[in-house]
Amino acid sequence: MHDAAVQAATGQIRRTEEGTAPAPVVCTFFDEATNTASHVVHCPVTKRAAVIDSVLDYDAAAGRTSHGSAQAIVDYVEREGLTVDWQLETHAHADHLSAAPWLQEKIGGKLGIGADITRVQAVFGKIFNAGTRFARDGSQFDHLFTDGETFRIGDLPVTVLHVPGHTPADMAFVIGNAAFVGDTIFMPDFGTARADFPGGDPRQLFRSIRRLLSLPVETRLFLCHDYKAPGRDEYAWLTTVGHERDYNIHVHDGVSEEEFVKMRTERDATLAMPRLLMPSVQVNMRGGHLPEPEADGVSYIKIPVNRV
């Protein structure tokens, strides 16, 4: 599992531990309405920063958006004197709308996502009958990341890992001694992400998770969601590779690929569709922008009815 990209990420973690690069500072904003953890990560030396998996507040019943969750990020960035270089998305989320375009207007940063977003756009562009004016080439984003790509946030080294399975386009960002893993894995007592969305694959998901769990055991894992497993009182979004390898109920060390695929397939068959899937995917496949306004100047979210 130690491919070149993981070896590169492992190397940067070791260098961070040895003191040649600073450890990232992370502030997390948890949106209980969508169970989403958004992260602001910055270099303590240069104050350069990235926002990861931001949330646009959306009242589905009223069809209205608002910016309370995103404004909290703006307030923090301004209070800490940070310069935002990136608005990063781990994937095209199906459970919340991205606030990245609004945040770009307020605090800047290039919008980045995995290059396989084009596969998601192709599938969902057809599902939502988005028409020829909807570009399916990822051009709504400023940068499309590829597996093993590296860059820096200030003095922090970043390695990007392609971790498909939940969706085809999932990416993890290894930043210093921390990894931001999106929806691939959850807290050990809750397990792992579903793999039944279009383009999802439980076998790919298992391999992606094992790839992440081949990082050094002390690597901090920052998650995108927490659903508070039965018996746990508090939300949580920070764990470690070692803790996941020892205790994750779905994919701890010793669980085989076949066992995982069987469990994940059977479990996914019992799950309901995410409450905000329809608006979320339509917005997020457009880089966080609402669908193009119609003749009356209003944007509309489509809901396919009785689609086979």
Among the residues of the range 266-289, is any at pLDDT 95 or above, under 22 Å from the mean Cα position of the chain (by Cα), surrounded by fewer than 16 Cβ atoms within 10 Å (Cβ to Cβ) and not in a loop (DSSP other than H, G, I, E, B)?
yes
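State all residues of the range 197-213 that are more than 21 Å from Asp31 (Cβ to Cβ) and either crowded, with 21+ Cβ neighbours inside 10 Å or in contact with a helix residue (DSSP H, G or I) (Cβ under 7 Å, 6 or more places away or on another chain) (or both); if no residue qualifies, say none. It would help to see each step written out before you state the result.
Let us first name the residues in the range 197-213 that are more than 21 Å from Asp31 (Cβ to Cβ), namely 198-213.
Of everything in the range 197-213, those that are more than 21 Å from Asp31 (Cβ to Cβ) and either crowded, with 21+ Cβ neighbours inside 10 Å or in contact with a helix residue (DSSP H, G or I) (Cβ under 7 Å, 6 or more places away or on another chain) (or both) turn out to be Pro198, Gly199, Pro202, Arg203, Leu205, Phe206, Ser208, Ile209, Arg211, Leu212, Leu213.
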Within the range 152-167, track down each residue that is assigned to a strand (DSSP E or B) and over 21 Å from Leu213 (Cβ atoms).
Arg152, Ile153, Leu156
Go through the range 72-99 and report how many residues are among the polar types (S, T, N, Q) and closer than 12 Å to Gly182 by Cβ.
1
Within the range 102-151, can you find the residues that are touching a residue at least 40 places away in the same chain (Cβ under 8 Å), more than 24 Å from Pro198 (Cα to Cα) and in a strand (DSSP E or B)?
Thr150
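In the range 162-188, which residue that is of a type in the set (Gly, Ala, Ser) and over 19 Å from His42 (Cβ atoms) is farthest from the chain's Cα centre (by Cα)? Spell out the reasoning first.
Going through the range 162-188, the residues of a type in the set (Gly, Ala, Ser) turn out to be 165, 169, 172, 176, 178-179, 182.
Still in the list and also over 19 Å from His42 (Cβ atoms): 165, 169, 182.
Working: Gly165: 13, Ala169: 10, Gly182: 3 Å.
Applying the filter and picking the extreme gives Gly165.
Does the range 31-48 hold any residues that are touching a Gly at 6+ places or on another chain (Cβ under 8 Å) and among the hydrophobic types (A, V, I, L, M, F, W, C), and which are they? Let's see the steps before the verdict.
Residues of the range 31-48 touching a Gly at 6+ places or on another chain (Cβ under 8 Å): 42-43, 45-48.
Matches in the range 31-48: Cys43, Val45.
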Residue that is modelled with the lowest pLDDT, among those in the range 119-157 that are of a type in the set (S, T, N, Q) and either surrounded by fewer than 18 Cβ atoms within 10 Å (Cβ to Cβ) or farther than 23 Å from Gly200 by Cα (or both):
Thr132
Flagged pairs (Cβ under 9 angstrom, 6 or more apart or on separate chains; first in the range 243-265, in a loop (DSSP other than H, G, I, E, B); second basic (Lys, Arg)) are His250/Arg264; His250/Arg267; Val251/Arg210; Val251/Arg245; His252/Arg245; Asp253/Arg245
Top-ranked residue of the range 214-236 - restricted to ones that are assigned to a loop (DSSP other than H, G, I, E, B), among the hydrophobic types (A, V, I, L, M, F, W, C) and buried (at least 21 other Cβ atoms within 10 Å of the Cβ), ranked as farthest from the chain's Cα centre (by Cα):
Leu215
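Of everything in the range 168-191, what is in a loop (DSSP other than H, G, I, E, B) and touching a Pro at 6+ places or on another chain (Cβ under 8 Å)? Give them in sequence order. Talk me through it step by step, then tell me what you get.
Taking the range 168-191 as the starting set, the residues that turn out to be in a loop (DSSP other than H, G, I, E, B) are 168-170, 176-177, 181-184, 186-191.
Residues satisfying the conditions are Asp170, Gly176, Asn177.
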Output for the range 98-118, where each listed residue is farther than 24 Å from Glu149 by Cα, surrounded by fewer than 23 Cβ atoms within 10 Å (Cβ to Cβ) and hydrophobic (A, V, I, L, M, F, W, C):
Trp102, Ile107
Answer yes if at least one residue in the range 45-63 is at pLDDT 95 or above, within 21 Å of Ile301 (Cβ to Cβ) and of a type in the set (Lys, Arg), and no otherwise.
no
Checking Lys47 against (1) surrounded by 16 or more Cβ atoms within 10 Å (Cβ to Cβ); (2) under 19 Å from Val158 (Cα atoms), the condition it does not meet:
(1)
Residues in the range 83-96: is at least one within 26 Å of Pro157 (Cβ to Cβ), surrounded by fewer than 22 Cβ atoms within 10 Å (Cβ to Cβ) and touching a Leu at 6+ places or on another chain (Cβ under 8 Å)?
no
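So that you can scan it fast, the table gives a plain yes or no per residue for (1) of a type in the set (D, E, K, R); (2) within 15 Å of His289 (Cα to Cα):
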| site | (1), (2) |
| --- | --- |
| Ala94 | no, yes |
| Leu97 | no, yes |
| Glu105 | yes, yes |
| Gly109 | no, no |
| Ala115 | no, no |
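The values are calculated or read from the model by the stated rules, or taken from the named source; none is laboratory data. Keep in mind that this is a model prediction, so the values were computed, not measured. Note: ideal-geometry Cβ built from the backbone for every residue, glycine included; neighbour counts use all protein chains shown.
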